[in-house]
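Visitor: Below you'll find the structure I mean.
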Amino acid sequence: MTRPITLPFYAKLSFILVTLICFAFIFCLGKNILTPILMAFLFAVLLLPIFTFLNTKLKFPRHLAALICMIIFISVIAGILVFISYQVTYMANDFDTIKKNANAFILEIHKFIRENFEVSIGEQKKYLDSVTQDSVKTGQAKLGSFIISISDVLLDSTIMIIYTFLFLIYKEHFKLFFAKLIKKENHDVLQDILGQIKVSINNYIVSLIIEMIVVSVLTSLGLWIIGIKYFILLGLITGILNLIPYIGITIAGIITVLASLTGSGEMSVITGILIVNIIVQFIDNNLLVPLIINSKVEINAFVSIMGIIVGGAAAGIAGMFLAIPLLAILKIIFDRIESLSAWGYLMGNHVPRKFAWRKRKIPAEN
């Protein structure tokens, strides 16, 4: 009988770090291929309860159950996009009003700068003209790359839908694959890991949807109170963009300010919009995220922020969105493997008890 090989601590640590670095390096190299696959995996986990109900309870064939799930998923996304496009088209009718109010708002800013910083309006316009010319040249140079990026997004979306459909169909096939990789005595641990990953990711995505709905409702209510015309559309856009960490709410605020120019270009309205966004973000960060998100994914804030930054650097917005689910999967795996449990604890948000170091007794000299 072969005895298991025991490695010293520094060797185990080296293997773990090298493995993580290799995974990160592979992801950076193949991000254009891996990102749609990982996004499709998340969507497949979200649709899995519907697929299981259709396949198990209603006895639908796997292909038909997966097809119905995809039709529901695409219908929901298409409905949201149709509503937004319809509202944006309706808003375009107020373009002349937006232009007029924008000019009035810019004039107020010019006067404020002239009165407080003693820079004449003429000098300000000269500076803006030079910046605008440079921006136009840069924009013309990047127009082709923008069109290419739009086509890439459409292609990735199509591939992602296909991957999601295939994940649902071959769910049991992938489970058997993992079972064949691992010894039979560890199958209970594998089943526990897969079950916890499904529950954790499903709860996380559902929590994100709940957070998006609550932020949309609160923002719409706040914009309605201060008299913004397209408050439902702007609230929905804010809720959707809030899913993008850090930069999403900033983009939503800019869009809301621009849309507010359909009614009035007064500074008080723009101040009201900023106040609404600040209040909603305060509620989101201090109530919704701790109660809804952090309760489902037990990852501490330090690891979450680091993961989001690394994900953004590796794969942009998609990487930032994928960071938390991937960290949750890693934590579930680490918690259930004894040699990696310390790393799982490091990633968690457990409140540590006071640790008592054991003092080594030094024998007295004779």
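Visitor: Answer yes or no as to whether ASN285 is open to solvent by 30 Å² or more (accessible area, probe 1.4 Å) and not small (Gly, Ala, Ser).
Guide: yes
Visitor: When the residues of the stretch 258-273 are narrowed to those that are assigned to a helix (DSSP H, G or I) and over 25 Å from GLY79 (Cα atoms), which ends up modelled with the lowest pLDDT?
Guide: So the residue we want is MET267.
Visitor: For ILE209, indicate whether it is open to solvent by less than 80 Å² (accessible area, probe 1.4 Å), under 16 Å from ILE37 (Cα atoms), modelled with pLDDT of 85 or more and of a type outside the set (Ser, Thr, Tyr). Steps first, please.
Guide: On the way: open to solvent by less than 80 Å² (accessible area, probe 1.4 Å): yes; under 16 Å from ILE37 (Cα atoms): no; modelled with pLDDT of 85 or more: yes; of a type outside the set (Ser, Thr, Tyr): yes.
Here the answer is no, as ILE209 does not meet what is asked.
Visitor: Among the residues of the stretch 229-246, how many are in contact with a Gly (Cβ under 7 Å, 6 or more places away or on another chain) and not in a helix (DSSP H, G or I)? Before the answer, list the steps.
Guide: Here is the first cut: in the stretch 229-246, the ones in contact with a Gly (Cβ under 7 Å, 6 or more places away or on another chain) are 229, 241-242.
Filter again for not in a helix (DSSP H, G or I), leaving 229, 242.
Adding up the residues that qualify gives 2.
Visitor: Give me the residue from the stretch 217-238 that is farther than 13 Å from ASN277 by Cβ and within 20 Å of the chain's Cα centre (by Cα) and, out of that set, surrounded by the most Cβ atoms within 10 Å (Cβ to Cβ).
Guide: LEU236
Visitor: Right, next: Being hydrophobic (A, V, I, L, M, F, W, C), at pLDDT 90 or above and either open to solvent by 60 Å² or more (accessible area, probe 1.4 Å) or in contact with a helix residue (DSSP H, G or I) (Cβ under 7 Å, 6 or more places away or on another chain) (or both): is that true of LEU47 here? Explain how you work it out, then say what you get.
Guide: Working: hydrophobic (A, V, I, L, M, F, W, C): yes; at pLDDT 90 or above: yes; either open to solvent by 60 Å² or more (accessible area, probe 1.4 Å) or in contact with a helix residue (DSSP H, G or I) (Cβ under 7 Å, 6 or more places away or on another chain) (or both): yes.
Yes.
Visitor: Next up: Regarding MET39, is this residue surrounded by 11 or more Cβ atoms within 10 Å (Cβ to Cβ), more than 16 Å from ILE169 (Cα to Cα), of a type in the set (A, V, I, L, M, F, W, C) and in contact with a Leu (Cβ under 9 Å, 6 or more places away or on another chain)?
Guide: Values: surrounded by 11 or more Cβ atoms within 10 Å (Cβ to Cβ): yes; more than 16 Å from ILE169 (Cα to Cα): yes; of a type in the set (A, V, I, L, M, F, W, C): yes; in contact with a Leu (Cβ under 9 Å, 6 or more places away or on another chain): yes.
It is true that MET39 is surrounded by 11 or more Cβ atoms within 10 Å (Cβ to Cβ), more than 16 Å from ILE169 (Cα to Cα), of a type in the set (A, V, I, L, M, F, W, C) and in contact with a Leu (Cβ under 9 Å, 6 or more places away or on another chain).
Visitor: Going by the conditions given, is TYR170 at pLDDT 70 or above, open to solvent by 100 Å² or more (accessible area, probe 1.4 Å) and more than 29 Å from PHE231 (Cα to Cα)? Outline the logic, then answer.
Guide: Numbers: at pLDDT 70 or above: yes; open to solvent by 100 Å² or more (accessible area, probe 1.4 Å): yes; more than 29 Å from PHE231 (Cα to Cα): yes.
Here the answer is yes, as TYR170 does meet what is asked.
Visitor: Also, I was wondering about something else. Here are some conditions: (1) open to solvent by 50 Å² or more (accessible area, probe 1.4 Å); (2) at pLDDT below 90; (3) polar (S, T, N, Q). SER75 meets all but one. Which one does it not meet?
Guide: The one condition SER75 does not meet is (2).
Visitor: Within the stretch 3-36, restricting attention to residues that are farther than 28 Å from ASN202 by Cβ and outside any helix (DSSP H, G or I), which residue is most open to solvent (accessible area, probe 1.4 Å)?
Guide: For the stretch 3-36, the residue satisfying everything is ARG3.
Visitor: When you scan the stretch 187-197, do you find a residue that is in a helix (DSSP H, G or I), under 30 Å from LEU287 (Cβ atoms) and in contact (Cβ under 8 Å) with a residue 60 or more places away in the chain, even just one? Talk me through it step by step, then tell me what you get.
Guide: Step one: of the stretch 187-197, the residues in a helix (DSSP H, G or I) are 187-197.
Going one step further and asking which of them are under 30 Å from LEU287 (Cβ atoms), we end up with 195-197.
From what is left, the residues that are in contact (Cβ under 8 Å) with a residue 60 or more places away in the chain are 196-197.
Taking every residue of the stretch 187-197 in turn, at least one turns out to be in a helix (DSSP H, G or I), under 30 Å from LEU287 (Cβ atoms) and in contact (Cβ under 8 Å) with a residue 60 or more places away in the chain.
Visitor: Out of the stretch 294-310, which residues are touching a Phe, Trp or Tyr at 6+ places or on another chain (Cβ under 8 Å) and open to solvent by less than 30 Å² (accessible area, probe 1.4 Å)? Even if it seems obvious, please write down each step before you answer.
Guide: So the first thing to find is which residues in the stretch 294-310 are touching a Phe, Trp or Tyr at 6+ places or on another chain (Cβ under 8 Å), and the list is 296-297, 308.
Answer for the stretch 294-310, where residues must be touching a Phe, Trp or Tyr at 6+ places or on another chain (Cβ under 8 Å) and open to solvent by less than 30 Å² (accessible area, probe 1.4 Å): VAL297, ILE308.
Visitor: Only one of (1) over 30 Å from ILE337 (Cβ atoms); (2) open to solvent by less than 30 Å² (accessible area, probe 1.4 Å); (3) modelled with pLDDT of 85 or more is not met by ILE193, so which one is it?
Guide: That leaves (1) as the condition not met.
Yes or no, residue by residue, for (1) in contact with a strand residue (DSSP E or B) (Cβ under 6 Å, 6 or more places away or on another chain); (2) modelled with pLDDT of 80 or more; (3) not in a helix (DSSP H, G or I):
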{"position": "ILE275", "(1), (2), (3)": "no, yes, no"}
{"position": "ILE278", "(1), (2), (3)": "no, yes, no"}
{"position": "PHE282", "(1), (2), (3)": "no, yes, no"}
{"position": "LEU288", "(1), (2), (3)": "no, no, no"}
{"position": "LYS296", "(1), (2), (3)": "no, no, yes"}
{"position": "ILE305", "(1), (2), (3)": "no, yes, no"}
{"position": "ALA328", "(1), (2), (3)": "no, yes, no"}
{"position": "SER341", "(1), (2), (3)": "no, yes, no"}
{"position": "ASN349", "(1), (2), (3)": "no, no, yes"}
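The values are calculated or read from the model by the stated rules, or taken from the named source; none is laboratory data. A quick note: this is a predicted structure, and the numbers were derived from the prediction, not measured. Reconstructed Cβ throughout: ideal geometry from the backbone, glycine too, with neighbour counts over all protein chains shown. Ligands, DNA and RNA are stripped out before the accessible areas are found, and what is left, the full protein with its side chains, is counted by its heavy atoms. Shrake-Rupley method; radii C 1.70, N 1.55, O 1.52, S 1.80 Å.
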